[in-house]
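The values are calculated or read from the model by the stated rules, or taken from the named source; none is laboratory data. On a predicted model such as this, the values are computed, not experimentally measured, just so you know. Cβ atoms come from the backbone with ideal geometry, glycine included; neighbour counts cover every protein chain shown. To get the accessible areas, we keep the full protein, side chains included, count just its heavy atoms, and leave off ligands, DNA and RNA. Shrake-Rupley method; radii C 1.70, N 1.55, O 1.52, S 1.80 Å.
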Amino acid sequence: TADNTAAEITAAMRRMVSLIQTKLPETKVLLLAVFPRGPRINGRGEVEDHERHMRRINLINAELAQMDNGDSIRFLDLGPKFVSADGTIAHAIMPDQLHLSAAGYEIWVEGMQPLLDEMMSE
C-alpha cells in the first residue's frame, strides 16, 4: 500500500486468482483481506501516513470482497480480530503496527479455521 494504488493491488489479486483458476480449475481459493495496520515509523525513520494506508486497504478489501462467489472463491476479512474497540492494534499482536507477532499468527489461524473447515468439507 506504500507504492501501489488500490486499483493496481486489486488487479494483481484478480490476476492471481484467475491464474489459479485457469491452471487448477477445481481449486478453492480463500481470499484474505489485507490486514489493517497502525501508526508506525518506517525503516527510514519517517512517520507513515497511517490513515492513507488504511483508506487504501479499505478500498482494496471492498473490491476483494466482491470476488467471493460463495463457492470456489471465498473472501475473509480478519481485520476486526486485530483491531481493539478503540481502533488501535495491540503491540502484542503487531509490534511494529504492520507485521504479526506469534500471538497475531495465532489469531490469524484461529480466524481462518472455521471457513477452511467449511471449504474443505464441500
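Report relative contact order for the chain in percent, whole number only (criteria: Cα-Cα under 8 Å, sequence separation at least 6).
On the way: 129 pairs, mean separation 31.7, N = 122.
Here the relative contact order equals 26 percent.
Once the dipole of the chain is set up with Lys and Arg at +1 and Asp and Glu at -1 on Cβ about the Cα centre, which of Leu100, Asn42, Met120 lies farthest towards its positive end?
Of the options given, the answer is Asn42.
If the viscosity is 0.890 mPa s and the temperature 25 °C, what Stokes-Einstein diffusion coefficient in µm²/s follows for the chain when Rh is the Kirkwood radius over Cα pairs?
D = 156 µm²/s.
State the percentage of accessible surface on segment 17-122 attributable to carbon and sulfur atoms; use a 1.4 Å probe and exclude ligands, DNA and RNA.
57
Could you give the size of the charge dipole of the chain about its Cα centre, using +1 on the Cβ of each K and R and -1 on the Cβ of each D and E, expressed in debye and rounded to the nearest 20?
340
Long-range amide H contacts for Ser101: which residues qualify at under 5 Å (H placed 1.01 Å from N, peptide plane, sequence gap of 5 or more or a different chain)?
For Ser101, whose amide H was placed from the backbone, the distant partners under 5 Å are Met94.
State the extension gain, in nm to one decimal, for the chain segment bounded by Leu116 and Arg55, taking 0.36 nm per residue of separation less the distance between their alpha-carbons.
Result: 19.2 nm gained on full extension.
Could you do me a favour and compute the accessible area per residue for the chain, 1.4 Å probe, result in Å²?
On the way: 7540 Å² over 122 residues.
With all protein chains present, the chain gives 62 Å² per residue.
Between segment 7-36 and segment 62-122, how many Å separate their Cα centres?
Taking the Cα centre of each part, segment 7-36 and segment 62-122 sit 16 Å apart.
Taking 0.36 nm per intervening residue step and subtracting the Cα-Cα distance, what contour gain separates Leu98 from Asp71 on full extension? Mind showing how you got there, number by number?
On the way: separation 27, 0.36 × 27 = 9.72 nm, distance 3.07 nm.
Working it through step by step, the gained length comes to 6.7 nm.
Name the residue from Met67, Thr88, Ser18 whose Cα lies farthest towards the positive end of the charge dipole of the chain, charges +1 on Cβ of Lys and Arg and -1 on Cβ of Asp and Glu.
Of Met67, Thr88, Ser18, it is Ser18.
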